[in-house]
1. What's the extension gain from residue 68 to residue 28 if we count 0.36 nm per residue and subtract their Cα-Cα distance?
2. So what does the Cα-only Debye profile of the chain read at q = 0.22 Å⁻¹, as log10 I(q)/I(0), no solvent term?
3. Can you give me the angle between helix 74-90 and the longest principal axis of the chain, using Cα atoms only, in degrees from 0 to 90, rounded to the nearest 10?
4. Charges only on Cβ, +1 for Lys and Arg, -1 for Asp and Glu: so what's the dipole of the range 14-93 about the Cα centre, in debye to the nearest 20?
5. Label point 7 Å out from residue 78 along Cα-to-Cβ: which residues of the range 28-67 have amide N under 15 Å?
6. Which order do peptides 28-36, 64-72 fall in by mean Cβ count within 10 Å, highest first?
7. Simple spin-label model, 7 Å along Cα-to-Cβ: residue 2 to residue 16 in nm?
8. Counting only helical runs of four or more DSSP H residues, what would the 222 nm mean residue ellipticity of the chain come to if each run contributes -39,500 (n - 2.57) and the total is spread over all its residues?
Amino acid sequence: MIGIDPIQGTHTDLPLMKEKLGHRVCLWGGVSGAVTVELGIESDIRGAVRHAVRVLGPAGLVLSPVDNITVDAPQTWANIDILIDEWKKQRNG
């Protein structure tokens with residue numbers, strides 16, 4: 001299932017999605033691109049990644065900013081680096 005946005009999603013209940021679908025399908029998303037990655041600060045991004053991995057993963061999760069990232073700015077790129085760094089820390093539990 002693609003496009004799981006914990007902030008801008010409609011009726012997005014991450015634990016319920018994992019419970020109902022997580023054992024049968026891959027869940028793709030977990031972090032809001034527009035709100036968290038484009039506008040967030042480091043603690044927002046790291047917290048969102050930790051939450052997504054804890055609730056939706058680690059197995060069966062394609063961690064991704066949802067829907068996409070549209071702001072091409074230095075802060076956005078820095079935040080993407082933070083997202084990747086935190087994912088690397090969380091991926092092995």
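1. Values: separation 40, 0.36 × 40 = 14.40 nm, distance 1.21 nm.
Difference between extended and current length: 13.2 nm.
2. Computed log10 I(q)/I(0) values: -1.04.
3. 40 degrees
4. Working: 9 positive and 9 negative charges, 115 e Å.
So the magnitude is around 560 debye.
5. Inside the label zone: 37-46.
6. Working: 28-36: 22.2, 64-72: 15.4.
So the peptides 28-36, 64-72, ranked by packing, come out 28-36, 64-72.
7. 2.4 nm
8. Values: 3 runs with 40 residues, N = 93.
My calculation for the chain gives -13500 deg cm²/dmol from helical runs alone.
The numbers here are math on the coordinates, done by the rules we state, and not lab data. Bear in mind that the values here come from a model prediction, so they are computed numbers and not experimental data. Glycine gets a Cβ as well: all are built from the backbone with ideal geometry, and neighbour counts include every protein chain shown.
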